[in-house]
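Right, one structure below, let's go through it.
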Amino acid sequence: MRAAILREYGESLAIREVPEPEPGPDDAVVRVAACGVCRSDWHAWAGHGEWADDRVPRGQVLGHEPAGEVVAVGDSVDRFAPGDRVVVPFSLGDGTCPRCRRGHGNVCDDGRALGFEPDAPGAFAERVAVPDADYNLVERPPWLDATAAAALGCRYMTAYHALAERAGLGGGERLAVHGCGGVGLSAVQLGDALGARVLAVDVDDEALSLARDLGADETLNPNELGDDEEAVPDWIRTRTDGGADVSVDALGIAETCRNSVRSVRPRGTHVQVGLTTEAERGEVSLPTDWMTRWEVSFVGSRGMSPTSYGDLFALIEATDVDPAALVSREISLSEVSDRLAVMGEYDARGVEVVTDFTR
């Protein structure tokens with residue numbers, strides 16, 4: 001089968017023929033119909049993460065936002081069979097640790113990250129193996145096609161977990177989203193669906209236009225405010241009567257992280273979703289005395305447990321949320337390298353999805 005392999009950091013992925021995966025007793029193999037191209041793939045491609053002992057090794061098959069159809073299962077798999085339509089979460093749990101048993105498989109003690117570790121080859125490939133399939137695979141509803149399901153992949157479900165499960169965002173609350181890439185736009189759309197008033201911040205006017213289309217009530221390009229480091233938080237506090245109830249850094253650079261923290265009201269919550277770049281190397285200085293004075297909560301958020309997909313699907317079905325509206329481009333496997341390079345210039349908008357694995 002064809003797969004896209006990380007050959008050297010920052011260079012084109014190698015499109016090669018590799019052996020098809022075979023399922024172990026507890027595993028499944030999924031034919032990939034669609035796989036999103038995510039900023040986390042860019043971090044891996046660029047060689048980031050060494051500072052956290054999390055650098056993706058060369059030789060890795062990338063891709064972690066797949067949707068498709070089961071083609072084979074191991075002898076011990078009970079819940080799935082060939083022909084089932086599925087989504088594959090990137091944060092794979094073993095289904096047995098205390099975290100998994102409590103519904104937090106995204107932080108499993110022995111978890112694996114699809115597409116980022118040698119024992120979890122990714123889905124920029126015609127087929128992908130899914131370990132512990134009864135726990136990790138998620139049945140795809142009949143109304144959700146593969147391309148839209150791939151858009152749900154990492155960014156959408158990460159945004160849902162961040163807002164609904166980590167921050168407890170409620171109707172009538174005020175949400176600030178810093179960075180309107182894939183996960184930021186997902187947060188905008190889901191925040192609107194959850195009944196929040198949404199303010200979106202980005203330096204790209206086209207991204208802000210898309211944010212407005214997806215439900216943002218107000219948008220801001222920080223370039224309009226000058227160089228004052230308090231300008232963005234002041235703008236948000238002015239428009240939210242003292243600060244956002246929840247603020248999300250969906251990008252991961254020092255500026256957006258600090259802006260987000262300073263944007264929240266007393267006893268508000270900042271959610272860190274974006275991963276840092278080579279400039280920050282995993283460390284960002286924060287106004288901790290101010291956070292202590294106003295009891296500001298800082299929470300991290302990573303992916304989403306497979307057990308939460310039912311709640312996410314129910315929200316989508318009950319509202320006018322349309323994950324497919326985030327899809328800005330469908331591409332082939334051979335185009336992935338070029339699209340990753342564009343992400344380094346912050347030029348990619350929306351969610352780009354691989355739907356052609358033949359070229």
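Each reported figure results from applying straightforward, stated rules to the coordinates on display, with no laboratory input. Bear in mind the structure is a predicted one, so any value in this text is a computation, not a measurement. Heads up, the Cβs are rebuilt from the backbone with ideal geometry, glycines too, and the neighbour counts pull from every protein chain shown.
List of remarks:
- Helical runs (DSSP H, four residues minimum) scored at -39500 (n - 2.57) apiece and divided by the length of the chain put the mean residue ellipticity at 222 nm at -6500 deg cm²/dmol.
- Prolate/oblate/rounded label for region 317-358 (Cα gyration tensor, a/c 1.5): oblate
- Selected from Pro266, Pro98, Pro141 as most flexible by GNM, with the chain as the system and alpha-carbon contacts under 10 Å: Pro98
- Cα-based helix-to-principal-axis angle, 254-263 vs the chain, degrees rounded to 10: 60
- Qualifying trypsin sites (Lys or Arg not before Pro) for region 59-129 [loop in DSSP, other Cβ within 10 Å: at most 16]: Arg79, Arg102
- Between region 292-348 and region 64-90, the alpha-carbon centres lie 21 Å apart.
- Mean separation of Cα contacts under 8 Å (6+ apart) over length of region 44-90, as relative contact order %: 31
- Relative contact order (percent, whole number), the chain, Cα cutoff 8 Å, 6+ residue spacing: 19
- Among the GluC sites (Glu not before Pro) found in region 285-355, those both in a DSSP coil and sparsely packed, with 13 or fewer other Cβ atoms within 10 Å of their Cβ, are Glu295, Glu345.
- Shape of the chain from the C-alpha gyration tensor: prolate (a/c of 1.5 or more and a/b above b/c, with a ≥ b ≥ c the square roots of its eigenvalues).
- Sparse packing (at most 14 other Cβ atoms within 10 Å of the Cβ) combined with a DSSP loop state is found for the following GluC sites (Glu not before Pro) in region 159-256: Glu229, Glu230.
- Fraction of antiparallel bridges per DSSP, the chain only, in percent to nearest 5: 50
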